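Below: one structure, written as structure tokens.
Each value in this text was obtained by applying a stated rule to the coordinates, not by laboratory testing. Bear in mind the structure is a predicted one, so any value in this text is a computation, not a measurement. Glycine gets a Cβ as well: all are built from the backbone with ideal geometry, and neighbour counts include every protein chain shown.
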2 protein chains.
Amino acid sequence: MKAKRQPAREASSGKSAGATKKGIETRARIIRGAREALENDGIEALTTRKIAASANVRLATLHYYFDSKETILLAVLEGMIADMATSYHTAPLAADPEDRIAELLRLIWYYIGETRNRQIAQIELTLYALRTRGAEWLAERQYGAYIDFYSQMILNDPAISQEERERIGKAVARFMLIGIDGLILQTFALHDEEVAKESVEALIVATRGYLRRLLQKEQVR
Amino acid sequence: MKAKRQPAREASSGKSAGATKKGIETRARIIRGAREALENDGIEALTTRKIAASANVRLATLHYYFDSKETILLAVLEGMIADMATSYHTAPLAADPEDRIAELLRLIWYYIGETRNRQIAQIELTLYALRTRGAEWLAERQYGAYIDFYSQMILNDPAISQEERERIGKAVARFMLIGIDGLILQTFALHDEEVAKESVEALIVATRGYLRRLLQKEQVR
DNA sequence: GTCTATAGCATGATAGAC
DNA sequence: GTCTATCATGCTATAGAC
């Protein structure tokens, strides 16, 4: 709540603590506990006491590992970024990029449905990072990571030059990500499974179309 | 922070206060102050004292008009929903629905760029409502209001039956809204104006395509 | 590295004068 | 309807024993 402190450049840690094996473990447990508490109660109701309880750690231990509540929150976001790629490692495998888009979007959609509160928590954290002076780069990195990952999943056709592949892949990835984020908010607000499913299919068609258009432009050059 | 209180069914007010002219004015000032404080500092840092200061009202006055901080927050969201329609009343006018989509999306995009913090605050509040037991309906109503509004903006072709017009219009509106929300998050995270502009155009093409497809299906029947 | 204990202050909310 | 004053509690963070 206090604003006197200067923002943490490094979200990872505040102290040099956590070098030993047990230390690393405890640090991880704190982050996990914070994430769970955040998922359960939302950022507005999150307190260090809840984090400690959720991590099964005494209150003072939090501050041995982290400078402040802010540092913990940013570390949770960092953890989510790191976890992201591993979540989908049962990856789609279709040969055609357009089919991969469809598979990927349906897979993501399934995962989102299973992790509602985590999705909400992640958006809360993104907004928190955007608000926190000195932490905007974290939100940027989060999106960068998602875009890189999706991009690589969609386009790996060696017939296209590396440069163009990356340009187009990232554009499609950004488009996909826009749809996914918007879909999360809308689905949880409307809670109409039927309508959500329709939107996913519409998003698939749109993303495919966008990819096709970008590739066609490429041909014409 | 306490959870003992039972949730407010009505977000509008908590007490019967605010019947007089001055009372209504003060109530409005509190809501406006709360919104401004929220826009400036984010929900995580929002306190009743900040709200009071921002509304130029003493702390106790807040509680004369509202049962709790929660009630104030939900009232702010309600206010945003009410303001929504008026924001775009300089409405697009093209005759062709597809052109209206383009105009509308570019207009919305401009407005969003001018009100960055308000957009973030609104998403924060939506998530807060989704978290708050008994207030989920507010998030739903918010989306319903947006969808109704966009729907009506896009489709008013009398050549189509009322029922179909509404079905298609709402589907397109939902699609647009997904794009807009996703775009808000991504743009503020990446803060790349160039890339954002591209995404808006991609979204326009996609939304037009979606409308066209829905209308074609309609023809075939 | 983790604990107990507590400092020191901010918080949401209320009592009661005017 | 708005104020001053204050309560009870919860908050983040720290000191210091083990």
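For the segment A:121-127, counting C-beta atoms of other chains within 10 Å of every residue's C-beta and taking the mean gives 5. Relative to one another, the C-alpha centroids of the stretch B:110-164 and the stretch A:146-216 are positioned 23 Å apart.
Report the extension gain between residue B:84 and residue B:162 in nm, rounded to one decimal, defined as 0.36 nm multiplied by the number of residues separating them, less their alpha carbon distance.
Roughly 25.6 nm would be gained on extension.
Put +1 on the Cβ of each Lys and Arg and -1 on the Cβ of each Asp and Glu in the protein assembly as shown; which of B:84, A:115, A:64 then has its Cα farthest toward the positive end of the dipole? After comparing all options, I get A:64. How large is the translational diffusion coefficient of chain A in µm² per second when you combine the Kirkwood radius over alpha carbon pairs with Stokes-Einstein at 25 °C and 0.890 mPa s? Estimated via Stokes-Einstein, D reaches 128 µm²/s.
Nearest 20 debye, what's the magnitude of the dipole of the protein assembly as shown about its Cα centre given +1 on Lys and Arg Cβ and -1 on Asp and Glu Cβ?
Details: 64 positive and 60 negative charges, 434 e Å.
Dipole magnitude for the protein assembly as shown comes out near 2080 debye.
Charged side chains reduced to their Cβ positions (Lys and Arg at +1, Asp and Glu at -1) give the stretch B:158-221 a dipole of some 500 debye around its Cα centre. Evaluated with a Cβ-only charge set (Lys, Arg +1; Asp, Glu -1), the stretch B:148-193 carries a dipole of roughly 140 debye about its Cα centre, given to the nearest 20. What the Cβ-Cβ distance of residue B:136 and residue A:59 gives, at R0 = 51 Å and to the nearest 0.05, is a FRET efficiency of 0.95. Approximating the spin labels as points 7 Å out from Cα along Cα→Cβ, the residue B:107-to-residue B:40 distance works out to 3.2 nm.
Could you state the per residue volume, in Å³, of the convex hull enclosing the Cα atoms of the stretch B:133-221? Mind showing how you got there, number by number?
Working: hull volume 9.7 nm³, N = 89.
Enclosed volume per residue, from the Cα hull, is 109 Å³.
Of all complete DSSP H helices in chain A, those with a Cα span along the helix axis of 24 Å or greater and a mean Kyte-Doolittle hydropathy of -0.5 or more are A:69-87, A:97-114, A:136-154, A:162-190, A:193-220.
Quantify how strongly other chains surround peptide A:198-204 by giving the mean number of their Cβ atoms within 10 Å of each of its Cβ atoms.
Numbers: counts 3, 6, 1, 0, 11, 6, 0.
Average per residue, whole number: 4.
Can you give the local net charge around residue B:151? Use residues other than it whose beta-carbon is closer than 9 angstrom to its beta-carbon, Lys and Arg +1, Asp and Glu -1. The answer is +1.
Quick check: residue separation of residue A:17 and residue A:114 times 0.36 nm, minus the Cα distance between them. What number comes out in nm?
On the way: separation 97, 0.36 × 97 = 34.92 nm, distance 3.47 nm.
Net length gain for the segment: 31.5 nm.
Pairwise alpha-carbon distances in the protein assembly as shown exceed 30 Å for 48% of all pairs.
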